[in-house]
1. Please tell me the relative contact order of the chain in percent, rounded to the nearest whole number, where contacts are Cα pairs under 8 Å and at least six residues apart.
2. Please report the spacing between the Cα centers of the stretch 302-319 and the stretch 248-264 in Å, no decimals.
3. Take residue 151 and residue 298, extend 7 Å from each Cα along the Cα→Cβ direction, and tell me the distance between the two endpoints in nm.
4. With viscosity set to 1.567 mPa s at 4 °C, what whole-number translational diffusion coefficient in µm²/s follows for the stretch 259-329 from Stokes-Einstein and a Kirkwood radius over Cα pairs?
5. How long are the semi-axes of the equivalent ellipsoid of the chain, taking √(5λ) for every eigenvalue λ of the Cα gyration tensor, in whole Å from largest down?
6. Provide, in order from the shortest bin, the percent of all Cα-Cα pairs of the stretch 178-288 in each 10 Å bin, continuing until the bin that contains the maximum pair distance.
7. Once you have the Cα-Cα distance between residue 68 and residue 54, take 0.36 nm times their residue separation minus that, and quote the gain in nm to one decimal.
8. Rule-of-thumb check for the stretch 390-498: C-alpha Rg over 2.2 N^0.38 Å?
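Nothing in this text is a laboratory measurement; each read-out follows from the coordinates by a stated rule. Quick caveat, the model's predicted, so the values are computed rather than measured. Positions of Cβ are generated from backbone atoms using ideal geometry, with glycine treated the same way; all protein chains shown enter the neighbour counts.
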């Protein structure tokens, strides 16, 4: 026995045989080959068993049919009914930023007629919070943007149309970005060493930080540190993976410059070193302050002591080593200035009064002379002698003066006798020149009448006895006396008598 069969599936002649996945209106018609011996009987694998040449009301599946011809020959054949795949709709949700309506729902559509080629999908989008509806057509991918947090529903069919596929999606709200910002101010004026630390919770990691000064950092899991900040305001914008942002502001502050005044006190005496400089009213910077003076050795107190008359610098530093340097000048006290006076006294001008007058310093004054006198003047000063005096004022400053009582200051009259009698009678035996001994620079020369030198003396402490080896004879002799200190010359004659 042998039988050739042909099948025709319906309602379509090519897959899918059904319009929709759950339809059960398919048919299979079996056609025996010409020349077969009828009549034919049919038995389909349906429930209940169908016995017609065409099986109807078929769902998607595989079916067998048993055919017996008139000769009793049995043939079994298999055929199938194909249904299109169901419409699938899958949402991908991007959460909305906290407090904003910028959520996104991305719909990927497949199945239905697209299982056998491209086809458009009509859809109905419904906001389940506000119950607003959008009706449109999409090929396979649809994005809904600007969504507030809430529940949404979409009903999608294919072009057939088969029963709709309904998909719900919830647009969530991201946790709020919660930055915690701390900062450290600049330590010194004009120094850019401020910094800021930011830690962030909420949103969706990682974060990106963009500063208003151009610095930035990205792919940070929890926070960031920025340094090298000068004094001034700064904004930082923090962005998470969702694109949610928040902006924080800080202000880096720098301390005021260190400023201060000082109270300089000059040394009391010329050449003295008891001056002081005290720093007063330091301000600015970050206390406490430290001090360093340009003294030798270095002094570190707020007041420098033991200072001489010169310039000194002080460096005032704060706890951050910011500093300000100022220079001060201590004036050297003037030396005690005196005016000296010498007045000759005595009938023969053989003594003087020496006095000093102090022109500056602080009264009262004390005096100590080299002859132990304690007043501003001394009397009875001898010609040709030097007298010293030490003067001390009320501040303890002292000065010294030295006064030489020169003979030309108090000149005395030189009296030259024109005769003497060196005869050994004890009367007028020597040539006594009155007051010449006062002048130690006196030079005496005596000549005879032929111009021979018979006597010479530098100074005249020992009078001439009328001798030139032996006693000279009575005669007229000639003298020249020179006194340089008073710029005088005496010339004349002297007679030796017996």
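1. Details: 1212 pairs, mean separation 31.6, N = 498.
Result for the chain is 6 percent.
2. Cα centroid to Cα centroid, the span is 22 Å.
3. Computed distance between label sites residue 151 and residue 298 equals 7.8 nm.
4. Values: Rh = 12.4 Å.
This corresponds to a translational diffusion coefficient of 105 µm²/s.
5. Working: eigenvalues 4546, 110, 37 Å².
Taking √(5λ) for each eigenvalue gives 151, 23, 14 Å, largest first.
6. 13, 31, 19, 13, 10, 7, 5, 2, 0
7. 3.6 nm
8. Numbers: Rg = 19.9 Å, N = 109, 2.2 N^0.38 = 13.1 Å.
That works out to 1.52 for the stretch 390-498.
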